[in-house]
Amino acid sequence: MNRFKAALRTPWFGALLAIVVLLAVNTIKDPGYLAIGTNQTTGMMSGNLLDILRISAPIIMISLGMTFVIATEGIDLSVGSMMAIGGAVAMQTLSSINQPSSVTAMLTAIGLALLLAFVLGTVNGILVAVVGLQPFITTLVMMMAARGIARVITGGQNTNARNGPFNQLATGQILGIPTGFVLAIGIVVLVALLMRRTALGLMIESIGINPHASRLAGIRPRPILIAVYALAAVLAAIGGLFTVAEVMTVNPSSTGNLMELDAILAVVIGGTSLAGGKFSILGSTAGALLIATLNKTVVFLGVPSAATPAFKGVVIIILVLLQSDRVRSLLKRRTKSPTTPSTPTAELESQEALA
Amino acid sequence: MTKSSPSVAAGSHPIVEVKDVSITFPGVKALDRVSFRLLPGEVHALMGENGAGKSTLIKALTGVYEIDSGSILIDGRERHLTGTASAQEAGISTVYQEINLCPNLSVGENVMLGHEVRGWAGIDWRRTHAEARTVLARMELGHLDPRAPLSSLSIAMQQLVAISRAMVTDSKVLILDEPTSSLDANEVEVLFGVVRRLRDQGVAILFISHFLDQVYAIADRITVLRNGQLVGEFLVQDLDRTQLISKMIGKDFESLKALGSTRQKDMRDRSTTPLLAAAGLGRKGAIDPTDVEVHAGEVVGFAGLLGSGRTELARLLAGADKADSGAITVKGEKAGIGSPVAGLAHGIAYSTENRRDDGIVADLSVRENIMLALQARRGWMRRVPAKEVDKLVQTYMQRFGVRPNDPDRPIGLLSGGNQQKVLLGRWLATGPDLLLLDEPTRGIDVGAKADIQETVAELAEGGMGVVFISSELEEVVRLSERIVILKDHRKIGEVVNGPEVSAQSVVSIIAAESEELAEQAAQELASSDSTTTDTTTTDTTNADSASDGRDS
Amino acid sequence: MSHLKRARSLVGGIAAGVLALGLAACGGGDSDTADNGTDGATGGETITVGYVAVGPEGGWRDAHEKAIRDAFGAESDLELKYAPASSPTDQRSQLDAFAQFVNDEVDVILLTATEASGWDASLELAKEAEIPVILLDRGVDSSPDLYVTRIAPDNVNVAAQVGEWALSVFPDGADYYVLEGVPGLSVVNERNEGFEEAISGASGWNKVGAQTANWSAEEGKSVTETVLRANNNAIDFIFAQNDEMGIGAALAVREAGLTPGEDVKIATIDGTTGALEALAAGDLSFVAQYNPFFGDLAIDAVRKALAGESVDPVIIVPGDAFDSPEAGQAALDNGLGF
């Protein structure tokens, strides 16, 4: 019971609960919703759940990077454009190499995409950490600049390419699980190890909570901030690779468009405060999965286009409200009031729940 | 000292009368039933340490804060001030330390801002500038060209322009909040000339300054605040500096005298290489170039009022701020200490006076707070092994008796005293040679205070050099072997502790009117075996910080 | 304080940057149009046409403006002065270029406005100078008296072509799904309107649903994938409002183990090279081109306007539609993609 209560209080629990509720609603609409089977024609495992996992891969990537930026009390509005950069470099490279089955071509494309994203992310970091510009302004400018660069790379056109191995990143499966998702989770685990096995995570949190105290304790904020923005850009570019690998085409204007908002939402749903400080990698990942589920649910339920943003907004608002301490304690009081009308003990208990 | 006769006519009618005013902020009573009066034609100094309530009182008078209870009478009428505009309308003008003029506008535009002369087609600039010229002439600033850009003037002249601007509205009350903090001695004289002229014209002037000498040079009367309460109102000639300081810090004169140190005469041999030596270390606006030495195993106290430069000096020694002059040698070798990282690398740890903003990392656990500085020393790649962390945490939590005994609790949920103990643990975990403790006992309970004092003595015994800074002079006197005395952003002396040194004798050095007297007092005190060093410069004031930043 | 200063210097920097851009834009506009002042004055036989254009914006726009310039370039008695905006959203530079053309007394002005509003004063100026103005593609919200005609393809018409094709392919009706563009755009509404008008009255047409895929291929794929699952693949026809969403949908159809063109037919609008390739490969079944190539219509309108003949106030550009792999390949071979 106690352990359950503890789980209830973790930030990602709400996200998981919301996913379960959405899946349940879908299952009510169609009892076969959760079924996973083998597609007779293609021989691949198929099912709605697998679709959700597959399209969650890019969202998980950008949310992961955004988590650390937000933990340092910053924000990165350029992740959506970084996805376009990743996609544009990869597609342009693959289309000029034009070897439809070459793994080397794929690796070259990935390497170049991540390299450019790393450089641009480092520029973000330097502007924030060394020059001292506001993260909001810096990354807003980068958001526009990076999309411009993506347009220059592709000559303003949609660029498509053929490369089997690259296409498999999104559409392949490993033991029935979408390759993109497996890779994304692998990267999440790697980054989590990097953060928690070294002191990087602690230092990021420390800087986010109290930059002055951290400086006096001998933490150098600059390299850490630069690293955080560079990491966010590289992860966003990986997200862009997953996205373009789906369709093997990049539209420099629309790829990753507005995805920074999804990333910020996923991070906040996952329990990392926009005011910086403690971060939750698990929470952000759960938040990203929730957004993927929500995107799919909207289509599955046939919510009209015009009402889609409102539907998403309502679900997220309910979730965020449920996470707020004040609403939680109000609900608690409400449920107790019929028997014990707001006694001091009830008050105390809810106070404890907050602590 | 050039003091003109106080022109306060006995029984003259106060222009401003504050009666029993209280202002409460969440958790703090910033002003507690304070009464205060300001007479026309006087310069009235408002004195008190940072946090005493000076700024709050000014903000109440200028309508920035609304008062919770009590009343403010201006010219005999009760006024409800709702903002600077309504205060200005009531005849109260304020010139702040940070000059809030527009440097890109002309002198005349600045003076007349908001009061431009309007012609048939908008502002008549010719007449506006002419009007500005007359206003400036009244302040005997007729030589200034109203059309020159403000930025072409010196800071002092800009300050005078700011005052001129305040006088455009024919103010009856002029509040000067730290007006001299960025002026040199000559500029201060020019400013004072203007102030005296205004006083003679019948303007009531409220003067706030950290500089005692200036207060005694210009003020007719003094009101002292402490901890949000009124201590009293005095004529300048009735209150000497020692008395003023004791009123500001809240120890009465006799008890200060009685608190003699029982400490044995210090016998340390200081011919050896000091652990740390600073020569001519200074930073513009914070602390004048200063020499200071700390030996291994020695506790050196920094004594001085808040804003005297004691914190600023400690921050330079630790690398928290960058010095712009002078050099530091550590164990005889030149050390470039321009950042806390460099300070820690040279074995210097600095525990800040501002525990909440610069010390604790509130949401991190006690464990993480203790290991933070050590981890930073090791770098992010090499995480301090869990075993080592556990050992450190256990050692320091036990040694200082941190309550509750839960290393995973966020430090923000601990009491102030326990937070301080954890922070002490953080710095000791780095194994420093020199520990700078800035107000380590402020705002914590008696028990924790004694624990920390004991620890300081132990650490010195164990060979560590310690710099101890505290507003409580008794504490400094009790713990220190030597006391460096600071005032007005400079070191004014240094005494070696001994039975004849007391909190009171330190206060009398700080209170001494001029440098020579301070030196004399220190020498008398230290007699044969104590040394007094003094810093080089003779011009008194050249600083622009010492703001009332924390004085809410 | 330091923050404030920093913010201030930043704002200053941006302001300076904007100013510099603005100056550059003005400079660009001037130099583009300055040289034709003399030409226009001396041109006895050549007709000088000022072209206030949008400039590089994307595939369709680039193809369209190139087509106009090529068409005018091919006529020996026409001289086109091309003045693109300094950015696709910079109306200021367009207004400047327009004023310069009026000043230089060109014979005709072609205008593709970046914004519909704010043209009244400029158009009146041209009317006073007796310079006819012809709008290409985008309209303006000024009075129709102020310009000769607007030549543009029509979204309703193009979408109706899709509807008519669908009626011929599915004489008994079909279960269909619509992939829409970014919600709220007039293009989206017009393309819906044209399609629905065409199939209205026919029986057996069942709209399973419609959802935005934000003009993008990956969202088109994701939406289609889920729609197929939710309906047990019982979708006969998908109307994608642009090529990319259709291409994405085709991928989803393939991954569901179905064959596009047989199990599910997909029709798209725009006619980009990518779509024509997909049509040639059999992934798409029908592509209606939102035709960017109407240089001839523009030249015709210019000549008529100068000759004082009457010109229709609205000229709708007819668009080609391609309904087979062969037609798609042929269109590609003829360079009709963009």
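What net charge is computed for the residues neighbouring B:Pro340, neighbours being all others with C-beta under 12 Å from the C-beta of B:Pro340, Lys and Arg scored +1, Asp and Glu -1?
Net charge around B:Pro340: +3.
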Report the net charge of residues surrounding C:Gly184, where surrounding means a beta-carbon distance below 14 angstrom and charges are Lys +1, Arg +1, Asp -1, Glu -1.
-1
Two-site FRET efficiency, A:Thr10 against C:Ser168, from Cβ-Cβ distance with R₀ of 60 Å, rounded to 0.05:
0.55
Under a GNM of chain A (C-alpha, springs under 10 Å), which listed residue has the highest mean-square fluctuation: A:Thr67, A:Thr297, A:Thr139?
A:Thr297
May I ask you to compute the full-extension gain from B:Lys331 to B:Gln398, defined as 0.36 nm times their residue separation minus their alpha-carbon distance, rounded to one decimal in nm?
20.9 nm
Calculate the spin-label point distance for B:Gln229 paired with A:Thr104, positioning each point 7 Å from the Cα along the beta-carbon direction, and give it in nanometres.
8.6 nm
Whole-Å distance, taken between Cα centres, linking segment A:57-127 and segment B:126-196:
58 Å
Let me confirm the definition first: pairs of Lys residues in chain A, 8 or more apart or on different chains, C-alpha distance under 25 Å. How many are there?
6
Amide H of B:Leu39 versus every other amide H placed in the peptide plane: which residues, excluding those fewer than 5 positions away on the same chain, fall under 5 Å?
B:Ile15
Can you pull out the GluC sites (Glu not before Pro) in segment B:22-77 whose DSSP state is coil and whose Cβ has at most 13 other Cβ atoms within 10 Å?
B:Glu66
On complex formation of B with A, accessible surface lost, both sides summed, probe 1.4 Å, nearest 100 Å², amounts to 2100 Å²
Sequence order, segment B:354-362: Karplus ³J(HN,Hα) from phi using 6.51 cos²θ - 1.76 cosθ + 1.60, θ = phi - 60°, Hz rounded, Gly and Pro as x, gives 9, 4, 6, 8, 10, x, 6, 10, 3
Give me the accessible area per residue for the protein assembly as shown, probe 1.4 Å, as a whole number in Å².
41 Å²
Report the relative contact order of segment A:54-287, percent, no decimals, based on alpha-carbon pairs under 8 angstrom and at least 6 residues apart.
42 percent
For chain C, what number of Lys pairs, 8 or more residues apart or on separate chains, have alpha-carbon atoms under 17 Å from each other?
4
Considering only the other residues whose Cβ falls under 13 Å of the Cβ of A:Thr41, what net charge follows from Lys and Arg at +1 and Asp and Glu at -1?
-2
At a probe of 1.4 Å, how much accessible area disappears from chains C and A on forming the pair, both sides counted, to the nearest 100 Å²?
2500 Å²
For the ranges B:30-36, B:313-319, what's the packing order if you count other beta-carbon atoms within 10 Å of each residue, average per peptide, and put the highest first?
B:313-319, B:30-36
Sticking with the crude label model, points 7 Å out along Cα→Cβ, report the distance from A:Asp30 to B:Glu140 in nm, one decimal please.
9.2 nm
Give, rounded to the nearest 20 debye, the magnitude of the charge dipole that segment C:41-131 has about its Cα centre when Lys and Arg contribute +1 at Cβ and Asp and Glu contribute -1 at Cβ.
320 debye
If I stretch the segment between A:Phe118 and A:Val327 completely, what's the gain in nm (0.36 nm per residue apart, minus their alpha carbon distance), one decimal?
71.1 nm
If r is the Cβ-Cβ distance from C:Glu262 to C:Leu146 and R0 is 60 Å, what FRET efficiency results, to the nearest 0.05?
0.70
So the pair-distance distribution of the protein assembly as shown, from every Cα-Cα distance in 10 Å bins, comes to percents of 2, 8, 13, 15, 15, 14, 13, 10, 7, 3, 1, 0
Could you give the length gained on full extension between C:Asp296 and C:Ser324, defined as 0.36 nm per residue of separation minus the Cα-Cα distance, in nm?
7.4 nm
Can you pull the semi-axes for chain A, root of five times each eigenvalue of the Cα gyration tensor, sorted largest first, whole Å?
36, 28, 17
Calculated FRET efficiency for the pair A:Arg196/B:Glu189, C-beta based, R₀ 56 Å, to 0.05:
0.35
Buried by at least 50 Å² relative to the chain on its own: which residues of segment B:346-372 qualify, computing accessible area with a 1.4 Å probe on protein heavy atoms?
B:Asp358, B:Val361, B:Asp363, B:Leu364, B:Leu372
On C-alpha positions alone, give me the angle between the axis of helix A:48-71 and the longest principal axis of chain A, in degrees, nearest 10.
80 degrees
Where labels lie 7 Å past Cα in the beta-carbon direction, separation of B:Thr273 and B:Ile155 in nm:
3.9 nm
Could you tell me how many degrees, from 0 to 90 and to the nearest 10, lie between the Cα long axis of helix C:295-307 and the main elongation axis, the longest principal axis, of the Cα atoms of chain C?
40 degrees
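The values are calculated or read from the model by the stated rules, or taken from the named source; none is laboratory data. Being a predicted model, the structure only gives us computed values, none of them experimental. Using ideal geometry, Cβ is built from the backbone for each residue, glycine included, and neighbour counts are taken over all protein chains shown. To get the accessible areas, we keep the full protein, side chains included, count just its heavy atoms, and leave off ligands, DNA and RNA. Shrake-Rupley method; radii C 1.70, N 1.55, O 1.52, S 1.80 Å.
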